[in-house]
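Report on the structure given below.
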Amino acid sequence: MVYVLWFLTVVFSVTWGLCLLLRGPAATGGLTMMFAWLLPTVWSPTVAALLLTWWSERAAGVRRELRRVGYSRGSGPWLVLAVLVPGAVVGGAVFAARAAGTAAPFTPAAAVPMMVVLQLATGAVGEELGWRGFLLPRLRSTLGTIASWWVMAILWSLWHVAGIFFPGTPLQVVPPLFFLPTIVFFGVFLAFLFERTGGSVLPTILAHLSLNVALGLRGATFASRPFWWTMVSIFGLVALIVTVAGPKRRVELSQPV
């Protein structure tokens with residue numbers, strides 16, 4: 001568990017340290033300061049994971065972790081599920097919010113490609129090799145499969161709290177009591193995908209990207225309670241279903257130390 005503690009220390013320290021350091025300048029610094037906080041924050045899980053793996057297992061361990069990004073044979077249906085479920089949940093939440101009168105303009109079509117590029121450069125790719133690829137197998141070795149899913153998801157949710165206090169992020173307007181459980185339930189879904197594909201982070205990257213892109217298309221205000229009620233309810237149901245279904249995983253990529 002020592003590497004789990006080191007991983008958590010690094011990612012929380014980077015996130016909160018930069019938040020406290022840059023929060024003042026970000027109040028007047030616009031997007032520049034926001035990205036100065038966001039990019040190191042969302043890539044810190046991957047950087048921490050690879051550095052700690054190199055420290056404990058040297059190059060062989062790093063190569064194993066990087067192989068998690070590749071396609072795992074037989075994962076096709078899970079990749080499709082990874083893309084469809086988050087987008088469908090967000091679509092249902094947008095419908096509920098607009099029906100309740102909390103609509104917002106959709107992102108213009110011309111701005112969508114850049115929005116997708118930004119999502120690729122941030123959390124959808126930068127977080128997965130750390131939170132799912134590195135942390136989850138190490139928690140599993142101590143806590144067991146299902147407990148590790150939920151513990152990882154709760155820790156991942158708490159890691160997002162700093163964004164609520166940082167100027168310029170959408171998290172400043174979301175209702176935390178709805179947003180944080182949504183992240184927990186979504187994290188459990190990501191853990192399920194990771195296990196069902198033998199320890200690959202490719203489906204978790206696709207699911208994370210699908211969620212972020214769907215949110216980036218807007219259509220509802222981020223402060224909308226009907227929107228987040230729908231999100232937390234559906235993802236809560238998804239988390240319950242996958243927890244009951246269990247891992248039924250195939251042989252995983254070689255186990256980490």
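Key figures for this structure:
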quantity: Residue, nearest to Trp229 (Cα to Cα), within the range 75-120, restricted to residues that are of a type in the set (Ser, Thr, Tyr) and at pLDDT 95 or above; calculated: Thr102
quantity: Conditions (1) under 22 Å from Val174 (Cα atoms); (2) surrounded by fewer than 20 Cβ atoms within 10 Å (Cβ to Cβ); (3) in contact with a helix residue (DSSP H, G or I) (Cβ under 9 Å, 6 or more places away or on another chain): number failed by Trp55; calculated: (1)
quantity: Pick from the range 155-201, criterion touching a Ser or Thr at 6+ places or on another chain (Cβ under 6 Å) and part of a loop (DSSP other than H, G, I, E, B), ranking: surrounded by the fewest Cβ atoms within 10 Å (Cβ to Cβ); calculated: Gly198
quantity: Scope the range 1-43; condition of a type in the set (Gly, Ala, Ser) and surrounded by fewer than 18 Cβ atoms within 10 Å (Cβ to Cβ); matching residues; calculated: Ser13, Gly17, Gly24, Ala27, Gly29, Gly30, Ala36
quantity: Whichever residue in the range 67-79 is surrounded by fewer than 18 Cβ atoms within 10 Å (Cβ to Cβ) and in contact (Cβ under 8 Å) with a residue 24 or more places away in the chain and, among such residues, is nearest to the chain's Cα centre (by Cα); calculated: Val69
quantity: Selected residue (only one of Arg58, Arg23, Arg98 is on the phi > 0 side of the Ramachandran plot and assigned to a helix (DSSP H, G or I)); calculated: Arg58
quantity: Set Ser44, Ser72, Ser13: member being at pLDDT below 95 and among the polar types (S, T, N, Q); calculated: Ser72
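The values are calculated or read from the model by the stated rules, or taken from the named source; none is laboratory data. Remember, predicted model here, so these are calculated numbers, not experimental data. Note that we place each Cβ from the backbone using ideal geometry, even for glycine, and neighbour counts take in every protein chain shown.
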